[in-house]
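To start, the structure itself, in structure tokens.
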Amino acid sequence: MKTFFAIILVFLLLSCTSSSERIAWIVANQSANKSELTHFLDYYKTKNNRDKYKAACFIIENIPNKYSLNREGEKIYDIDIVKADSLIQSLEYSFLLKEKSPYLKKYTFEQFCEYILPYRVANEPLQYYWKWDCVRWLKGGNSDDIVKTAQNINAQIRIELSPDFYKDTLKTYTSIIQSGCGKCDDRSTLVVMALRSVGIPAAFELIPYWGSSNNGHSFASMILPDDKIVSFQNDNGNENNALPIRKMPKIYRKIYTITPAETFDRYQKIYPELFANCDVLDVTKMHKIGFRTIPIPCPRRKEPIYLSVFSPNSWIPIAISADDNFYDIGTGTQNGEKESEEALDLGNGILYLPSSYINGDIIPLSDPIIVSDNNIYSLHPDTLHKETVILNRKYPLNKRIIRFARDMVGGIFEGANHADFSDAEEIYKITETPKSQMQKVYISTGKKYRYIRYRKPKGIFSIAEFSLYQSNGKPLLFHPISCEAIRKDNNMGNVFDEKILTYYQINGGVDMWIGGDLNGGVNIDAIGFAPRNDDNSIVPTDIYELFYWDEQWNSLGVKKPDGDSAVYRNVPQKALLWLRNLTKGREERPFTYENGRQIWW
């Protein structure tokens, strides 16, 4: 807590004192680690090297807000634990790069300090040796073309990304290298480390939260001498490495310099996490996405105002303003494309809530607004006029999920009484893209079969669930069977585990199949199956609650669905709605109901 208040004081000092005064104050007020900070500065003060001393001052002047998180999520501030010898090693290596790198000759000293010199990249646990260790495992020589060198380095960094790591804190450099897995923040950090280690200025950039789906994203950007950027999203060597096809409200860059804007000078408040440390730079307009200025008149304001985006946990502030305008606010388009490639039925624009932030709470200042390239309008429920809504999902149907379902087109369900299926009869053929949920195919042959299978003659073999039913609707027990090619594959059991999110998929097979042995001829009423999916369709056995927004989320009732859809009556027209699954799941997005369809925001 002491360190936190010290940081606040540093922010206030930044606008009214000289650099030397700020450094003296920082060192004097950090008694716990004063000797290390003093040693570091004195080492360069006596070396008669003006640039190195200036760089050392830059490190200390901007160190108060730097921290990492331990496993419990507690902040460990660098200023309390840094060692002078480690800072010296890091600085010396940076200047060695400055002297030897052919690339850095074109950059200013300020760019060098921001994008090469720092001993850390983001909020990763503190380790210094990455600067000289990355070159140990990087392959290939440097090209005369800085962009090609950066692309080569990026392509070598192959990290297995998984949503299992979303809630984890950032890994150490050592842990990323040894495990080879993590989240996008870990990969972005490692790419920046690798680029800086060979003298290529780079920065960690982030999208705090998507404007069309949950969570956020980060990536690495190489900084060119003219401050233009080349971004790296993945390791595929694609020169464009375009941003993901999702709606982006804001893009920020993590920087080492403490940058208290006018907003922070005017108000002495507690700020949301994104802005609390004054270490992000708004770089939205440097990327190829749609953005615009948004006027939000708010007279007699005593605190900054924010634009917040929806998350299932709370609205999240992603933009801050000290006046009546928000600048460079994302509109949801990318490279001039109007049609979203992300999901079906996405609305035109991004949903924002003008809000304030008081004692850790988001306080609405007006109705939510939709911001698009050519329009800004608010969403206010018409409580005098009601309607009936028929809801099929709680989250947008991603086009990736549709592709998984399309992989089942051409698949055939067959019945037989010989184990080798030599007497196989076609029961049903999938000719159109099936729904991305559990569904039934009813059998009208009137014949008894011992064996039932799902066979894909060619192409991708992909299926999440397979089941058989009696005429009373109850499941039939059977022994799982499959073709010899996948019989010993442990993942094959996913198809029969009654867990809709697990699946089996293999590419390029011929006549791949799975099925069931009923241990005798049986009349089968229906076959149940599900493509690989996201389990965000309505599930008849789950419990749901619908909300509408009117200064807060107001419940419209808890209920079980009516089959594959949830029907709600007496819903205010023109309302912003949110359907929650109270039984399971975490993926949920708000929507409006327009012309009988859910339009997602």
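Structure data summary
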| read-out | value |
| --- | --- |
| Residue check, ASP328 touching a helix residue (DSSP H, G or I) at 6+ places or on another chain (Cβ under 6 Å) and surrounded by 14 or more Cβ atoms within 10 Å (Cβ to Cβ) | yes |
| 2 or more residues farther than 28 Å from LYS171 by Cβ: qualifying helices (runs of 4 or more DSSP H) within segment 37-101 | 50-61, 84-100 |
| Checklist (1) closer than 29 Å to LYS98 by Cα; (2) at pLDDT 95 or above applied to PRO208, failing item | (1) |
| Subset tally (residues that are charged (D, E, K, R) and over 34 Å from the mean Cα position of the chain (by Cα)) for segment 457-482 | 2 |
| From the options ILE524, ILE500, residue that is within 33 Å of the chain's Cα centre (by Cα), hydrophobic (A, V, I, L, M, F, W, C) and surrounded by 15 or more Cβ atoms within 10 Å (Cβ to Cβ) | ILE500 |
| Failed item, numbered, when LYS394 is tested on (1) surrounded by fewer than 21 Cβ atoms within 10 Å (Cβ to Cβ); (2) assigned by TED's automatic domain parsing to the domain that holds ASN570 | (1) |
| Scope segment 294-316; condition hydrophobic (A, V, I, L, M, F, W, C) and either more than 15 Å from PHE326 (Cα to Cα) or out of contact with any Asp or Glu (no Cβ under 8 Å at 6 or more places or on another chain) (or both); matching residues | ILE294, ILE305, LEU307, VAL309, PHE310, TRP315, ILE316 |
| Strands (runs of 3 or more DSSP E) contained in segment 473-582 and holding at least 1 residues touching a Ser or Thr at 6+ places or on another chain (Cβ under 9 Å) | 504-523, 526-530, 544-549, 566-573, 577-581 |
| Residues satisfying the stated conditions in segment 393-407, i.e. of a type outside the set (A, V, I, L, M) and out of contact with any Gly (no Cβ under 9 Å at 6 or more places or on another chain) | ARG393, PRO396, ASN398, LYS399, ARG400, ARG403, PHE404, ARG406 |
| Which numbered condition ALA122 fails, given (1) out of contact with any Lys or Arg (no Cβ under 6 Å at 6 or more places or on another chain); (2) in contact (Cβ under 8 Å) with a residue 60 or more places away in the chain; (3) surrounded by fewer than 22 Cβ atoms within 10 Å (Cβ to Cβ) | (1) |
| Within segment 228-277, considering residues that are at pLDDT below 70 and touching a strand residue (DSSP E or B) at 6+ places or on another chain (Cβ under 6 Å), the one farthest from ASN335 (Cα to Cα) | THR263 |
| Residue satisfying all of: in segment 162-196; hydrophobic (A, V, I, L, M, F, W, C) and farther than 27 Å from GLU114 by Cβ; surrounded by the most Cβ atoms within 10 Å (Cβ to Cβ) among these | PHE165 |
| Selection status of GLY199, at positive phi and modelled with pLDDT of 95 or more | yes |
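The values are calculated or read from the model by the stated rules, or taken from the named source; none is laboratory data. Note that this is a predicted model, so its numbers are computed, not measured. Cβ: placed from backbone, ideal geometry, glycine included. Neighbour counts: every protein chain shown.
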